[in-house]
Amino acid sequence: MIYYINIGSNLGDRYLNIGKAVEAIERRFGRLVISNMVESEPWGFDSTNLFVNVGIAFEAKEDPEDVLRMLQAIEREISPASHRNPDGSYADRIIDIDIMEAEGVEMHTPILELPHPRLAERPFFLEPLLELKEKLKSEAEVTE
């Protein structure tokens with residue numbers, strides 16, 4: 001199954017944080033297809049920090065719930081602080097990993113529900129995902 005994920009960072013050295021996450025995911029799942037990094041405005045909470053986001057696609061044989069747990073473990077390793085403030089609002093993050101889509105899997109199941117359903121509508125989430133799909137499509141055409 002192919003997974004499309006988004007990695008975002010708006011705290012510390014954002015590009016380095018994303019690089020660490022990409023390396024950890026590649027070590028765990030193997031070959032990745034990676035979009036360009038996109039910088040975007042702060043959103044959703046009282047942050048003044050710009051986000052950097054990247055999209056990644058990879059293939060995994062594990063069940064979606066297991067993939068989610070593995071990604072969450074990578075996220076906690078790089079960014080041990082909670083992504084929520086004590087009042088429940090969203091906090092700045094060293095790294096934030098979201099499964100955006102899993103080929104053949106309904107993403108509204110409870111364990112795979114996106115934390116912010118409208119994020120996929122935002123350009124800094126959608127553009128990397130569309131770029132990944134185009135790259136994968138091009139690769140498939142070359143191998144045929």
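The values are calculated or read from the model by the stated rules, or taken from the named source; none is laboratory data. Since the structure is predicted, the reported quantities are computational estimates derived from the model, not experimental observations. Cβ: placed from backbone, ideal geometry, glycine included. Neighbour counts: every protein chain shown. Ligands, DNA and RNA are stripped out before the accessible areas are found, and what is left, the full protein with its side chains, is counted by its heavy atoms. Shrake-Rupley method; radii C 1.70, N 1.55, O 1.52, S 1.80 Å.
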(message) Given the criteria open to solvent by less than 70 Å² (accessible area, probe 1.4 Å), closer than 30 Å to Asp87 by Cβ and not basic (Lys, Arg), does Leu16 qualify?
(response) no
Exactly one of Asn53, Asn36 is assigned to a strand (DSSP E or B) and touching a helix residue (DSSP H, G or I) at 6+ places or on another chain (Cβ under 8 Å), and that residue is Asn53
Of the residues in region 110-144 that are open to solvent by 50 Å² or more (accessible area, probe 1.4 Å) and part of a loop (DSSP other than H, G, I, E, B), the one that is modelled with the highest pLDDT is Glu144
Within region 60-101, residues open to solvent by 40 Å² or more (accessible area, probe 1.4 Å), at pLDDT 85 or above and not in a helix (DSSP H, G or I) come out as Lys61, Glu62, Asp63, Ile94
- Item | Test result for Leu11, of a type in the set (A, V, I, L, M, F, W, C), part of a loop (DSSP other than H, G, I, E, B) and surrounded by 14 or more Cβ atoms within 10 Å (Cβ to Cβ) | yes
